[in-house]
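Derivation of every value follows stated rules applied to the coordinates shown; laboratory data play no part. Here the structure is a predicted model, which means the values were calculated and not measured. All Cβ positions, even for glycine, are placed from backbone atoms using ideal geometry, and neighbour counts span all protein chains on display.
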Amino acid sequence: MTATIIPDLPVFVVIAPLFVAFVLPTFARRMRLVEALVILVGILGFLGALYLASLVFAQKGSPLIYSLGGWQAPWGIELKAGNLGALFLLVVTGVSLPVSLFAKGNLAQEVGGKERSARFYVLYLLLGGALAGMAVTNDLFNVFVLVEVVTLSCCGLVSARNHPRAAEAAFKYLIMATLGSTLVMGGIGFIYMITGHLNMEFAARELASIWQHSPHVVWMALSFILVGFGVKAAVFPLHVWLPDAHSTAPSPASAILSGLAVKGYLICLLKFLYNVFGSALMQEFAVDRILVLAGAVAIIAGSILALSQDELKRRLAYSTVAQVGYIVLGLGLLNRQGLAGTLFYLASHAVIKSTLFLAAGAIIAATGKKKVSELSGIGRKMPLTMAAFTIGSLGLIGLPLFSGFVGKWYLLLGSIETGKPLPTVVVIAGSILCATYLLPVIRRAYFEPAPDTTNADWQDPQDPGFSQKLALILLAAIVVLLGVVPGPLLELAKRAAAELLLLQ
Amino acid sequence: MLSLILALSCGMAGGLIVAVIPQTRSRLRNLVVLIFTTAGMIFTWRVALRVFAGENVAIAGRIGELPWSINPDPLGAVFGLIAATLWLFAAVYSFGYMAEKHEQRTYYAFLLISFSVTLGVAFSGNLLVLYLFYELLTFVTYPLVIHERSSEAVKAGAKYILYNLGGASVILVAIIITYGRAGSLDFAGGPILANSLQNGLDWLLLLFIIGFGVKAAIMPLHRWLPAAMAAPTPVSALLHAVAVVYAGVYGVLRVVYSVFGHELVGRLGFGTILPFVAACTIIVGVIIAAKQDVLKRRLAYQTISHLSYILLGAFTLQPWGLAGAMLHMISYSTLKTTLFFCAGIIAEQSGATKISKMGGVGWLLPKTMAVFSIAAIGMIGILPLNTFWGKYYLMKGSVAAGMWPLALVLIVSGIINAICFIPVVVNAFRGERTRINGERGSRVTLMLAPAILLVIVALLMGLFPGFVWPGVQAVVNWFF
């Protein structure tokens, strides 16, 4: 049994959610069944990813390769689950499972109606499947397809709430994201033009030998890819769509969008940069310096913008802009420690940001208050939710024993290894800024008295229902667990980094 | 090893228990606090005595690639002892001081948790664990700083977090550079960087000193400390005169003696400037102190000055200097806590926080002012109080290091300290004698008793300095 599954595993984790997404509408009236199916897919996906990761972990080096339709590599489409793929698959499935648990709680209330929540789940599964695909794909055009699926399902998720602001945000997102897709498409076209390959490995091999004949085309391809994914991953100053989109979406969607969708694009960018162009070309075209600079600007600017937001979800959204900066900066460090740190940071941020958005969502659902300045005393009323929020915040600030610290430690090791002061200073400054925009929320929630509760319209808020509590506990536990025992995930990240930099 | 675990976990366990005791059960809560601080103190004494006897008490492990180790050496044991002993005094004082205050549950919970964290700093066996607890200390003491919930307290809290997080971040960078250079972070096997190349080490030392200098309040990194006086008085007495600031001082001592080693620091250009940086803080701090009218602020600036006494001793890189630093660390902590205790009683019983408004307070609170006067004399550093011995060895160390101007600095600072406090005492006994006794009732007794006891301890230590000598000697032997 297992022997027949192993070779097909990389495709199963992608196909399963997509398949369920397509059959879901037929059960749209039976909400219980829909929810059960979504969670079942989540659990299966997570187990599959775990199993895959354990296989990759045991095999040391040689990735699992699946050729779609049985067509071999240069002609057919290839799925490749190596260290990087296994890592990102784990992140995607590990975060989306608690998020779907959370969604089970009060999604209908948030999006306005059962029918809308069924649609939400369809898009949600499409997004999950496409993200899993991004983890394992090894084909340039396939990347484009997945990017489009992610983009469109994200648009749908942003507009899931029945609210004019949601429609506006989704439209803004659609315009920007389409622009990004077009640029990515153009970049892929250029690469195909000069190499004649769509498989990443073949394209890379070809590119390495011929790039000197057409450096301008490589330039164009690189800049198209950089800007295209820059828009999609909201790298400052191309982030303008993100705060609206992530703050107006329903909370489970915000969590997925900030935690995973943005990371999916970053993983694609990483694959393009390291697997297609390669680190030597990156240095040749100064891409590494551009990335460090862009990341540094994003960290500082995103944090400062986050600081000035009073609306909690917008503050978290701008914080995502800053945290994307960390990952972009890490991609430009070009050394093993730095890249491993970046990958771990990516995983850690996915978990942390989902925790924060879900906790914020629970607070908003229970109190109807969206602003940080209105959250006085909420820590006493909703202890579990605020505890999760606090753990997430401390993780994001990078306190030891929380997952963010491990990522930051390796990022700093890598930054120092480059010998330039900029990345080190910015990484440090970013975590102090992070404390300045997150700690006031915690202080207000715990150390300020709650407003007068005798007022009739103020219902005493409480922690959310069981499944939502479970989701928050799971995510917060992962934040702590990854901080205390980063072991296997860190090892995967290190191996992936060595592989990407071609140091075995 | 069991004692070590118990010593570290007493505060944490007590804090968690206090957190679930209902707000109104204050007697039960006080009992829990008393039990856990006493137990923590006893276990810390046990650990410390075993460390002084030369036993190795350690817990170590690896997580991923990062090493974690708790391994107290004599320096850590001395710091742990000071903190654990004074914690009990401060807890008893709090029973009185906080009796009619709001939010006692939060206060005691975080007071106990910071107890564990402070001991964690003291007992850390490598830089990473030191960093962990050092950073945590900022977060767990933050609720104590903003305890008053006033806008002034919130502003002070923000300053507190920003300064300390900034410092900790600089330390993190320095630790990572150290790790990259030496591949190890453990204190146990002699100075970490002893065999490292010398180029660039000046900058690394600078980073470390800036980082730990924030909590040690080296000027100009001191501004958070006067602001933090917005906290309740027991917190000011314990955390901002002893535990938190000593964590910074302890960090600096670790950097000089365990990370670089005194021989290496002596060879570095920056290392030779350090004593003079400390000397500047000593003089400037005490001069600013003399100008303050709010008593707690005066005490805060004086803390800044006296912390640099300890640093000065460490920076002389001489055995005598280090002995002086350790002695001053021990004796100063007893007296400064007393001074703050008295300031708290004065503020609570007479309502006066400014020195200019304290005319005649001495008649209202005679015992308090008597204790205050003795402690104030101690700040000047003359017999029969224990601070004399610290100062004596500090001077001896300065002269032995060939830096006699530093001895002069200490003498001048002693004189300015006298100018700081004698007017307070004189002013307190001015005016007409009242017949009201402000020291009645169990609340005042609870506040006054720890102050009186501490002064007696200080006097005894001054008369019989041999009592603390084994600890000091163990530290000096450990590093030289």
Principal axes of the range A:148-207: Cα extent on each, largest first, Å: 50, 16, 10
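Work out the mean other chain Cβ neighbour count within 10 Å for the residues of A:400-413 and drop it here as an integer. Present the calculation step by step, with values, prior to reporting the outcome.
On the way: counts 12, 5, 0, 0, 0, 5, 4, 0, 3, 8, 3, 1, 8, 5.
If you average over the peptide's residues, the count of other-chain Cβ atoms is 4.
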query: Angle between the Cα long axis of helix B:104-123 and the longest principal axis of chain B, 0 to 90 degrees, nearest 10?
result: 30 degrees
Rounded to whole Hz, the Karplus (6.51, -1.76, 1.60) HN-Hα couplings of the range A:91-108, x for glycine and proline: 5, 4, 6, x, 8, 6, 5, x, 5, 6, 4, 5, 4, 4, x, 9, 4, 4
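How would you rank A:387-394, B:115-122, highest first, on the average number of other Cβ atoms within 10 Å across their residues? Show your work: numbers first, answer last.
Values: A:387-394: 25.2, B:115-122: 28.2.
Packing order, densest peptide first, comes out as B:115-122, A:387-394.
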message: Ratio of alpha-carbon Rg to the 2.2 N^0.38 Å globular estimate for the range B:330-480, to two decimals, please.
response: 1.19
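Rounded to the nearest 500 deg cm²/dmol, what is the calculated helix-only ellipticity per residue at 222 nm for the protein assembly as shown, with -39500 (n - 2.57) per DSSP H run of length n ≥ 4?
Numbers: 42 runs with 728 residues, N = 984.
That calculation yields -25000 deg cm²/dmol at 222 nm.
How large is the dipole of chain B about the Cα centre if only Lys and Arg carry +1 and Asp and Glu carry -1, each at its Cβ, rounded to the nearest 20 debye?
Working: 31 positive and 15 negative charges, 236 e Å.
That gives a dipole near 1140 debye.
Calculate the translational D of the range A:362-465 in whole µm² s⁻¹ from Stokes-Einstein, where the hydrodynamic radius comes from the Kirkwood formula applied to all Cα pairs, the temperature is 37 °C and the viscosity 0.692 mPa s.
Taking Rh from Cα pairs, D becomes 212 µm²/s.
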- request: Any chance you could give the angle, 0 to 90 degrees and rounded to 10, that helix A:287-307 forms with the longest Cα principal axis of chain A?
  value: 10 degrees
message: Checking the cross-link filter: which lysines have an alpha carbon closer than 21 Å to that of A:LYS114, excluding same-chain neighbours under 8 positions apart?
response: A:LYS104
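Excluding B:ILE21 itself, what net charge comes from residues whose Cβ is under 9 Å from its Cβ, given Lys and Arg +1 and Asp and Glu -1? Before the final figure, lay out each step's value.
On the way: positive: B:ARG25, B:ARG29, B:ARG105; negative: none.
Here the count lands on +3.
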Sorted by Cβ density within 10 Å, fewest first, the residues B:THR178, B:THR303: B:THR178, B:THR303
task: Would you list which aspartates and glutamates come within 17 Å of B:LYS159, measuring only between C-alpha atoms, while excluding same-chain residues fewer than 8 positions from it?
output: B:GLU135, B:GLU148
Count of lysine pairs in the range B:330-480 with Cα separation under 22 Å (8 or more residues apart, or interchain): 6
Stokes-Einstein D in µm²/s, Kirkwood radius over Cα pairs - chain B at 4 °C with 1.567 mPa s viscosity: 59 µm²/s
task: Enumerate the whole-percent occupancy of each 10 Å bin, from 0 to the last occupied one, for all C-alpha pair distances of the range B:338-394.
output: 23, 45, 23, 9
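Quick one: order B:CYS280, A:CYS155 by neighbouring beta-carbon count within 10 Å, fewest to most.
By the 10 Å Cβ count, ascending, the order reads B:CYS280, A:CYS155.
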- request: Using the 2.2 N^0.38 Å rule of thumb for compact globular proteins, work out how the range B:19-104 stacks up: its C-alpha Rg over that value, please.
  value: 1.43
message: Over the Cα atoms of the protein assembly as shown, what radius of gyration and what Dmax do you get, in Å?
response: 30.7, 104
query: Angle between the Cα long axis of helix B:26-52 and the longest principal axis of chain B, 0 to 90 degrees, nearest 10?
result: 40 degrees
task: Could you work out the local net charge near A:ALA177, counting Lys and Arg as +1, Asp and Glu as -1, over the other residues with Cβ closer than 15 Å to its Cβ?
output: -1
statement: Which of A:LYS172/A:LYS370; A:LYS370/A:LYS408; A:LYS172/A:LYS353; A:LYS381/A:LYS469; A:LYS353/A:LYS469; A:LYS313/B:LYS215 exceed 25 Å between C-alpha atoms? The answer is A:LYS370/A:LYS408; A:LYS313/B:LYS215
field: Other-chain or far-sequence residues with amide H under 5 Å of B:ALA60's (modelled H)
entry: B:ILE70
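Calculate the all-directions average of the projected area of chain A's alpha-carbon convex hull, and give it in nm².
Values: hull surface 87.7 nm².
The orientation-averaged projected area of the Cα hull of chain A comes to 21.9 nm².
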message: Spelling out what I want: for every residue of the range B:360-365, take phi, set θ = phi - 60°, compute 6.51 cos²θ - 1.76 cosθ + 1.60 (Karplus), and round to whole Hz; glycine and proline get x.
response: x, 5, x, 6, 6, 10
query: Along the principal axes of its C-alpha atoms, what lengths does the range B:1-157 span, in descending order and rounded to whole Å?
result: 46, 31, 24
